[in-house]
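Readers should treat all values here as calculations from the given coordinates under stated rules, not as data from a laboratory. Bear in mind that the values here come from a model prediction, so they are computed numbers and not experimental data.
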Amino acid sequence: MTNAKDSTKDDSTNNTFIITVEEQNICFDPDDKTLLNNLEKNDVEVHYHCRDGFCGACRVTLTKGAISYPNGEPLAFVGEHEILPCCCIPVSDISLSID
């Protein structure tokens, strides 16, 4: 079973993962640094404020896959199956639900 908050990167050497959101498939580009940057680049609207994991405004639901917080766990409250795209990256193909 995949843990939604894996803190370690998987063993795969391929860092290109597919993000499925709003019936759209997007390739994650590691040069974007965060999932939020990648979503914005692909015209997927996610509300945000701080971009650092402090406020939690960008909270979305992870419905499939695993992510990592490369700079450590965010300070904002994150509920079960929720992630903060402003400070995470995918470590597998993922699916998101954005309210």
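Before moving on, here are some points about what is shown:
- Residues with amide H under 5 Å from that of GLU82, placed H, sequence gap 5 or more: LEU62
- Share of Cα-Cα pairs in the range 30-97 lying beyond 17 Å, as whole percent: 32 percent
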